[in-house]
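As structure tokens, the structure follows; a few thoughts come after it.
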Amino acid sequence: METVVLRCTNCGAPLPKPQQGEEWIKCEYCGSLNKIVDATRYIEKLRGELEKWIRELLPSTMVSTAVADIAARHQIFQNLIKPKLLMTRANIRAKYLQYLSNPVIPIPPPTPPVEEPKAFFEETLKIQAVKDFAVSEDDSKFVRETIIYGNTAGYLLNALRALSRYDVKSALKNIDEALSEIPDDPGFTLVKQRLSSIKTVLTSLEQLYARNTSAALDLAKTGMDQYALLLERVGSSPIPEVNRGILEVEKMAAESIYHLSDAANRFFTAGRDPLEIVKWVETYMNVFKWLRDTYKRPIQDLVEIMVNLKKLAYGKTGSPEINVFPGGGGFYVPFHVVECRFSFVKGIVFRKGAESRLTVLIASIPPYAENPVIDVLGVYTGKTPPPEKIEEAPGYSLVKNIVSSARASSIPGEARAFPPFISSVLAEKLVDGYIEAVNNKYRGKITFASSQAVGIVYIPFNTLDQRTLVNLNGLSIRLTAELNNLLKLTI
């Protein structure tokens, strides 16, 4: 019985061998501190429960696994043990498939699973205790696979819990252990390749936290290549453990970490702390969750957001990677530029149609801008011009001037800048909401045909107060939170 090894009282995984004189020992899989005396009591409790389980499973004359006759052991397993393990195996395998049917990714961090890994580790200990009765090839495979399912499910649960709190080291330890549990067997080849890809991506992130940005960048690229190859091998096969949709999500996470590593590496080579970039992502993940929940956005948005973060990191370190509106200010806010095409009816007696275009700016920092879409047409101020004279609208010339004046540039190192919080697709959807208000205002005389995000421009602002940012050209943003509370979301 394996319980001679101390096990974690929190998660049930094996504990490292304690050193002489130690009173406490830390679990490498869940991070919990265990008092050695408590871990010892836990093992004794497990041993008692295991002995009771075996007595209930087998008659007293058959309890010993030292039954010499192989045929007798085979009959015992077939008639008494296997029938009772069938349901256990089915339940364990279902959980194994359930946790492999979800993305195992560090960003965005997963929701902590409700189930406890301890139950899986304890269940596999019971099965290991009777494995000597499985003497035939089929029975041995039955037991071996059930143990693999149980331990893998336990380690996956631990990994997901660790990732939910950004404990990449513990998550990596669990994935590594799950890999070691799975044999080099054709039936497990694709699962093992998937776990290897997850391990590469987590190792990349671990190197990033250790400020080894170049290694992190190389590993993230390797992880992307591993997923590309795995997707090619999987094809359209309906294999739950390596579901194509889940693999694509994990690949997107690898791509996001690649761009994150690139941004951090740029900071490192410029003499800045690369963890500034990593910590921004940790803070931003709550915003991303809000955006996903509110607007039902896919994880694919995160790749674009990380690309824009990387561009800002380059722009903050002297490279002209971003479009900036000239002027001074202590805070730079990104705006998506959205081009809208619309048609309208003009004339009273001889009515005929015409087409025009409108450029709209949207502050790319929801939910922290009260009205992120700049009211170009004066819909909310009651100063809307006729559709054939939209160039007379209050914000029309201002927006046109900003877009035409923006140039590829960098942002002063001492200034703070918000990276874009949203993707271009979400920017278009938010502009669509403004378009609905425009249509209502014009009472059907104007119909928008399309809106398309065409770029991002950074605009400098100064603070009027903790809730108001103002630009020298007359543009202003009213914030939903005090600026001091948003500084952690700036670079």
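Filtering region 464-486 to residues that are in contact (Cβ under 8 Å) with a residue 12 or more places away in the chain and assigned to a strand (DSSP E or B) leaves L464, L469, S476, I477, R478, L479.
Considering each residue of region 115-137 in turn, at least one proves to be in contact with a Cys (Cβ under 6 Å, 6 or more places away or on another chain), open to solvent by less than 60 Å² (accessible area, probe 1.4 Å) and of a type in the set (K, R).
Tell me yes or no: at least one residue of region 12-21 is surrounded by 13 or more Cβ atoms within 10 Å (Cβ to Cβ), modelled with pLDDT of 90 or more, touching a Phe, Trp or Tyr at 6+ places or on another chain (Cβ under 7 Å) and not aromatic (F, W, Y). Within region 12-21, one or more residues are surrounded by 13 or more Cβ atoms within 10 Å (Cβ to Cβ), modelled with pLDDT of 90 or more, touching a Phe, Trp or Tyr at 6+ places or on another chain (Cβ under 7 Å) and not aromatic (F, W, Y). Note on region 82-139: among residues that are under 13 Å from L157 (Cα atoms) and of a type in the set (G, A, S), the one that is farthest from the chain's Cα centre (by Cα) is A119.
Looking across region 407-446, just one residue is exposed (fewer than 15 other Cβ atoms within 10 Å of the Cβ), in a strand (DSSP E or B) and not small (G, A, S), and that is R407.
Among the residues of region 271-284, the ones that are farther than 13 Å from A313 by Cβ and open to solvent by less than 10 Å² (accessible area, probe 1.4 Å) come to 1 in all.
Checked against the criterion of being on the phi < 0 side of the Ramachandran plot and crowded, with 21+ Cβ neighbours inside 10 Å, the candidates L231, L312 yield just one match: L312. Is it fair to say F350 is farther than 30 Å from F421 by Cα, assigned to a loop (DSSP other than H, G, I, E, B) and at pLDDT below 80? Taking the combined requirement at face value, the residue satisfies it. Looking at I390 and the list (1) open to solvent by less than 30 Å² (accessible area, probe 1.4 Å); (2) in contact (Cβ under 8 Å) with a residue 60 or more places away in the chain; (3) touching a strand residue (DSSP E or B) at 6+ places or on another chain (Cβ under 8 Å); (4) of a type outside the set (K, R), which single condition is not satisfied? Just one mismatch for I390, condition (2). The set of residues in region 262-280 that are in a loop (DSSP other than H, G, I, E, B), within 21 Å of the chain's Cα centre (by Cα) and farther than 9 Å from L208 by Cβ is empty.
With respect to E321, determine if the residue is surrounded by 17 or more Cβ atoms within 10 Å (Cβ to Cβ) and acidic (D, E). Here the answer is yes, as E321 does meet what is asked.
Which numbered condition in (1) open to solvent by 10 Å² or more (accessible area, probe 1.4 Å); (2) assigned to a helix (DSSP H, G or I); (3) β-branched (V, I, T); (4) within 20 Å of L205 (Cβ to Cβ) is the only one that T111 fails? Unmet for T111, out of (1) open to solvent by 10 Å² or more (accessible area, probe 1.4 Å); (2) assigned to a helix (DSSP H, G or I); (3) β-branched (V, I, T); (4) within 20 Å of L205 (Cβ to Cβ): (2). The number of residues in region 434-491 that are at pLDDT 95 or above and of a type in the set (F, W, Y) comes to 2.
The values are calculated or read from the model by the stated rules, or taken from the named source; none is laboratory data. Everything numeric here is computed off the predicted structure, so don't read it as measured data. Virtual Cβ from ideal backbone geometry, glycine too; neighbours counted across all protein chains shown. Accessible surface areas use protein heavy atoms only, side chains included; no ligands, DNA or RNA. Shrake-Rupley method; radii C 1.70, N 1.55, O 1.52, S 1.80 Å.
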